[in-house]
């Protein structure tokens, strides 16, 4: 009896589920993706230099310096980034945008 009731309800619900609401329009075609740029100008040129005990990585595109990563032997690396392209470098502790939340190491194991 329950199986027959379930089949009857499913038979009534099937045509309702197959109908589309009125007034829907098809979506327009997606635009084609931009052409890929191939060549050396896309990838940065990285120069790694040891200055004292620090390791300095200089990143350049088309010969223009835009970022320096300084990795000291003890501690975390920091970055010097040219945000505006004017040649002045600003220090950043991370490359993530937004505010920096203070964090201290309480215990390591």
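Below are the figures for this structure:
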read-out	value
Hey, residue 93 over 20 Å from the mean Cα position of the chain (by Cα) and modelled with pLDDT under 85 or not	no
Test set (1) modelled with pLDDT under 90; (2) outside any loop (DSSP other than H, G, I, E, B) - residue 38 fails condition number	(2)
Residue count, region 41-81 (criterion: at pLDDT 85 or above, within 22 Å of the chain's Cα centre (by Cα), assigned to a loop (DSSP other than H, G, I, E, B) and surrounded by 10 or more Cβ atoms within 10 Å (Cβ to Cβ))	1
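The values are calculated or read from the model by the stated rules, or taken from the named source; none is laboratory data. Computed from a prediction, not measured in an experiment: that's the story for all the values here. Don't worry about glycine lacking a Cβ; one is built from the backbone with ideal geometry, like all the others, and counts go over all protein chains shown.
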